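Asks: The structure under discussion is supplied below as structure tokens; questions concerning it will follow.
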Amino acid sequence: MKRFEDKIVIVTGAARGIGRTVAELMLEQGAKHVYSLDVAVGDGMKNFTQKKVDISNRDSVEQVIKEIVDESKHIDVLVNNAGVTRDGLVEKISEENWDFVIDINLKGTFNVTQAVVPFMKETGKGAIVNLASIVGEYGNIGQTNYAATKAGVIGMSYTWAKEFTRKGENIRTNVVAPGYVNTEMVQSVPEKIIDRLKEQNPMKRLAEPIEIANAIAFLASDEASFVNGHVLSVNGGMRI
Ligand SMILES: NC(=O)c1ccc[n+]([C@@H]2O[C@H](COP(=O)([O-])OP(=O)(O)OC[C@H]3O[C@@H](n4cnc5c(N)ncnc54)[C@H](O)[C@@H]3O)[C@@H](O)[C@H]2O)c1
């Protein structure tokens, strides 16, 4: 399938996990070039450039996006995937852990989008997919900071779905809200809790990264040409 033929794609946090799987999938499906914006660097791939940048740093993000446009001339797809957790009950969340999660998940998504959208507006088209979470939809004990960012991402996405199309541009914004996925983010959770999460899920398992990447790729592709401002829950039917 060549549904990303000639497309220039930016995926934040594509050194590993879901972001990496999205980059691999879109390259397989014909993307001309995929750029990762990540503090980490993963294995190299053909047509894949990794820009080492902290998305919470607005100036660095702006600089990197300019470099990408100098090289590639346009940007077709943006996947705001990079995200972090610093869990704790409300009484135990330090200011540092509150700021860390907000600065990356919420402000980072804003920073990258703010830097990319002017270039999408130049061509009048583009697709943005933002990563939220089941936790942003339904809440979760011990994840006040994370839930706030993921609910915030959903609110920003509804806003962008209206704002980036208001002059007739074809710039769609959608959200994928995964349940629990088998990546490093979840591998740090104690096994006892993982077993409980699997048990609570109608499908009795975690998601694999490719199951999330397939949903992201659909929303980013022209097959979803009239899907805008949608939150696609990919959670096996789980409600927490
Ligand atoms: N794994 C899950 O169960 C799950 C569930 C729901 C939502 N999500 C969301 O999916 C997205 C991807 O999660 P994952 O499971 O692949 O996580 P992961 O921890 O495996 O990968 C996250 C990537 O983001 C990068 N990153 C971290 N801080 C960054 C920063 N400041 N600037 C740039 N890059 C940074 C990391 O280096 C890493 O490559 C996240 O937004 C996460 O919140 C994950």
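The values are calculated or read from the model by the stated rules, or taken from the named source; none is laboratory data. What you see is a predicted model; the values in this text were computed from it and never measured. Ideal geometry is used to build each Cβ from the backbone, glycine not excepted, and the neighbour counts take in all protein chains shown.
Asks: If the requirement is being under 26 Å from G155 (Cβ atoms) and near the ligand (Cβ under 10 Å from one of its atoms), which of these qualifies: S60, S94? Spell out how you get there, then give the answer.
Replies: Numbers: S94 fails: near the ligand (Cβ under 10 Å from one of its atoms).
Exactly one of S60, S94 is under 26 Å from G155 (Cβ atoms) and near the ligand (Cβ under 10 Å from one of its atoms), namely S60.
Asks: Considering region 99-145 alone, what residues qualify as being more than 15 Å from the ligand (Cβ to nearest atom) and farther than 26 Å from I8 by Cα?
Replies: Scanning region 99-145 gives a single hit, I141.
Asks: What helices (runs of 4 or more DSSP H), lying completely within region 122-229, carry at least 3 residues that are modelled with pLDDT of 95 or more?
Replies: Working: elements: 134-138, 144-163, 184-187, 191-200, 209-220.
Because the criterion is at least 3 residues that are modelled with pLDDT of 95 or more, the helices (runs of 4 or more DSSP H) in region 122-229 that meet it are 134-138, 144-163, 191-200, 209-220.
Asks: Select from region 159-193 the residues that are touching a residue at least 40 places away in the same chain (Cβ under 8 Å) and within 15 Å of the ligand (Cβ to nearest atom) and list them in ascending order.
Replies: N174, V175, V176, A177, P178, G179, Y180, V181, T183, E184, M185 - these are the residues of region 159-193 that are touching a residue at least 40 places away in the same chain (Cβ under 8 Å) and within 15 Å of the ligand (Cβ to nearest atom).
Asks: Note down all Cβ pairs under 7 Å where the first residue falls in region 134-156 and is within 11 Å of V175 (Cα to Cα), the second is among the hydroxyl-bearing types (S, T, Y), and they're at least six residues apart or on different chains.
Replies: Qualifying pairs under 7 Å: K150/S133; V153/T109; M156/T109.
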